[in-house]
Amino acid sequence: MNPLVAPDGVRLQKVIAAAGIASRRAAESLMREGRVTVNGVVVSTPGAKADPGADDIRVDGRRVGDGGRRRYLLLNKPRGVVTTRDDPERRRTVMHLLSGVRESVYPVGRLDYDSEGLLLLTNDGEFAARLTHPRHRVERVYEARVRGVPDASALKRLAGGVVVDGRRTMPATASLVSAGRGRAGDQSLIRIGVTEGRKRQIRHMCESVGHPVVRLRRVAIGPIRDRGLRPGRFRDLTAREVAALRRAVTAASEGRT
């Protein structure tokens, strides 16, 4: 079957997401990079379709299955680890921390190499897509240790939105947790909650108000928190936590959060 003209087939990015290999958006990137084949032919057109029951669909040479058991993992990512399945620079990735996990899970969203904290991984593509879609606006909460002590005006600017790369950030929450003196002078711990996931967003936000980040940790993803999970360790989400995340997505998309 030719995936480019199969009218009754399923879009390849949907097949890849359902198999838990990548979100739909990430699957489109895989296709553009020439990493997806159907019956031995590279398919790079985002609208291409195929029959998952009849066609040999592969990503990086590995056959795409039906995903099997759904896994929802919570990892406390340490600093110095890349949030990706593979890294061309051969740095340590979050996949190296998932000892014993046989399912093909992948990260939900991003957490910078030099940041730490909570990260979700799953092989449920639809679940991941809903969590990361800007429309649903599920809040991520970070604790940032910054240089100096932000005053009320700086916190108000962070909450109201600042211009990063020519675009204003969406409304957030920002509060001062503590202030003290560090090795390099005055430092503060501030808590920031955002509902978008732009690259290095928290760091850019803090720099824009004159308080560069020294250390950054994500402490909550929607209703999910776990202060007891040690860096480098992971666990399965409970059924109750998965249900709470699904409710948070629905509530956020309906404007109730």
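Data table
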| quantity | calculated |
| --- | --- |
| Qualifying residues in segment 63-95 (those that are surrounded by fewer than 12 Cβ atoms within 10 Å (Cβ to Cβ) and more than 25 Å from Ala239 (Cα to Cα)) - the one modelled with the highest pLDDT | Gly80 |
| Qualifying residue in segment 128-145 (condition: without any contact (Cβ under 8 Å) to a residue 60 or more places away in the chain, over 30 Å from Arg24 (Cβ atoms), touching a helix residue (DSSP H, G or I) at 6+ places or on another chain (Cβ under 9 Å) and not hydroxyl-bearing (Ser, Thr, Tyr)) | no |
| Asp60 being surrounded by fewer than 16 Cβ atoms within 10 Å (Cβ to Cβ), farther than 23 Å from Gly193 by Cβ and at pLDDT below 85 | no |
| Selection status of Arg200, closer than 20 Å to Gly80 by Cα, surrounded by fewer than 21 Cβ atoms within 10 Å (Cβ to Cβ) and either touching a Lys or Arg at 6+ places or on another chain (Cβ under 9 Å) or not assigned by TED's automatic domain parsing to the domain that holds Val81 (or both) | yes |
| Wholly within segment 102-209, strands (runs of 3 or more DSSP E) carrying at least 3 residues that are under 30 Å from Arg70 (Cα atoms) | 116-122, 140-147 |
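Matching residues to (1) on the phi > 0 side of the Ramachandran plot; (2) in the same structural domain as Ala248 (by TED's automatic domain parsing); (3) without any contact (Cβ under 8 Å) to a residue 60 or more places away in the chain:
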site	(1), (2), (3)
Met95	no, yes, yes
Glu103	no, yes, no
Leu121	no, yes, no
Ala154	no, no, yes
Gly161	yes, no, yes
Arg168	no, no, yes
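The values are calculated or read from the model by the stated rules, or taken from the named source; none is laboratory data. On a predicted model such as this, the values are computed, not experimentally measured, just so you know. Cβ: placed from backbone, ideal geometry, glycine included. Neighbour counts: every protein chain shown.
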